[in-house]
Amino acid sequence: MSAARERLLETATRLFYAEGIHTVGIDRIIAEAGIAKATFYRHFRTKDDLVVAYLVREYDRQREVLESVPGDGADSIVTIFEKLGELSCGPGFRGCPFLNAAVEFPNPEHAVREVVRDYRDWFRELMAERLRAAGHHEVDQAARALLLTRDGVAVSGGVGDTETVRAGVRTALAQLDIRR
């Protein structure tokens with residue numbers, strides 16, 4: 001990846017996450033990245049292409065982090081949700097970048113929504129794999145409940161409701177009979 005493309009993605013990631021995708025214009029990203037407009041268009045045909053690249057990069061980052069959680073089965077699910085709860089209550093947390101993007105791109109056929117769908121499918125399947133390893137008896141339903149919990153934790157954390165984040169993680173794991 002070229003240095004200019006990397007600066008564009010880093011700048012877009014910071015601004016899109018902090019302020020929202022539609023509120024941040026290309027001219028601002030170009031200015032803050034310190035590149036020429038022609039350089040931007042050499043790397044990205046449109047702002048939507050940049051948004052997709054931002055989400056794919058975040059997807060890859062989260063996949064690397066979550067798939068590297070040690071162990072399998074219930075312990076790894078608990079670890080993932082404990083980490084998610086901590087991150088959601090931390091400074092600068094503005095919610096899930098995928099859910100935030102989905103709200104800004106309502107067309108379900110848009111490329112941004114495809115990345116969001118792929119991420120959510122991957123997360124649900126990661127939970128299903130861990131649930132199968134734990135010998136859970138209703139894997140599909142439990143994986144969907146964990147995806148829903150992940151979404152709720154991210155939204156609650158994004159609005160600064162730390163008590164709901166903590167309660168949500170505890171309640172979901174208890175209801176699914178996932179404990180250490």
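All of the numbers you see were taken from the coordinates with simple rules; none came from a lab. Since this is a predicted model, take the numbers as computed values, not measurements. Neighbour counts run over all protein chains shown; Cβ positions are idealised from the backbone, glycine included.
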Vicinal HN-Hα couplings computed from phi for segment 147-162 (Karplus, 6.51 cos²θ - 1.76 cosθ + 1.60; Hz; Gly/Pro x) | 5, 4, 5, 4, 4, x, 5, 5, 5, 4, x, x, 9, x, 8, 5
Calculated from backbone phi, Karplus (6.51, -1.76, 1.60) coupling profile of segment 40-51 in Hz, x at Gly/Pro = 4, 6, 6, 9, 9, 5, 9, 4, 4, 4, 5, 4
On a C-alpha basis, how far is the centre of segment 123-140 from the centre of segment 84-110 in Å? Whole number, if you could?
-> 24 Å
Distance cut-off 25 Å, percentage of C-alpha pairs in the chain lying past it = 39 percent
Rounded to the nearest 10 degrees, what's the angle between the helix 3-19 long axis and the longest principal axis of the chain, both from Cα atoms, 0 to 90?
-> 60 degrees
Treating only Lys and Arg (+1) and Asp and Glu (-1) as charged, each at its beta carbon, one finds that the chain has a dipole about its Cα centre, in Debye to the nearest 20, of 320 debye
Using a 10 Å cut-off on Cβ atoms, rank the peptides 148-156, 135-143, 62-70, 120-128 from the highest mean neighbour count down.
-> 148-156, 120-128, 135-143, 62-70
Cβ-derived FRET efficiency at R0 25 Å, ASP60 paired with ALA174, nearest 0.05 = 0.20
Could you work out the equivalent-ellipsoid semi-axes for segment 27-102, taking the square root of 5 times each eigenvalue of the Cα gyration tensor, largest first, in whole Å?
-> 33, 14, 10
Subtracting the Cα-Cα distance of ASN107 and GLU129 from 0.36 nm times their residue separation yields 4.9 nm
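Just the number: Rg to Rh for segment 23-68, Cα atoms, Kirkwood Rh, two decimals. Let's see the in-between values first.
Details: Rg = 13.0 Å, Rh = 11.8 Å.
Looking at segment 23-68, the ratio lands at 1.10.
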For segment 1-91, give the magnitude of the charge dipole about the Cα centre (Cβ charges: +1 Lys/Arg, -1 Asp/Glu; no others), in debye to the nearest 20.
-> 620 debye
For the chain, the longest principal axis of the Cα atoms and the Cα long axis of helix 111-133 enclose an angle in degrees, to the nearest 10, of 20 degrees
For 3-9, 97-103, ranked highest to lowest by mean beta-carbon neighbours within 10 Å, the order is 97-103, 3-9
Cα convex hull of segment 108-180: mean projected area in nm², to one decimal?
-> 5.6 nm²
For the chain, the charge dipole (Cβ of Lys, Arg +1; Cβ of Asp, Glu -1; about the Cα centre) points to a positive end, and the Cα of VAL159, HIS22, LEU66 closest to that extreme belongs to HIS22
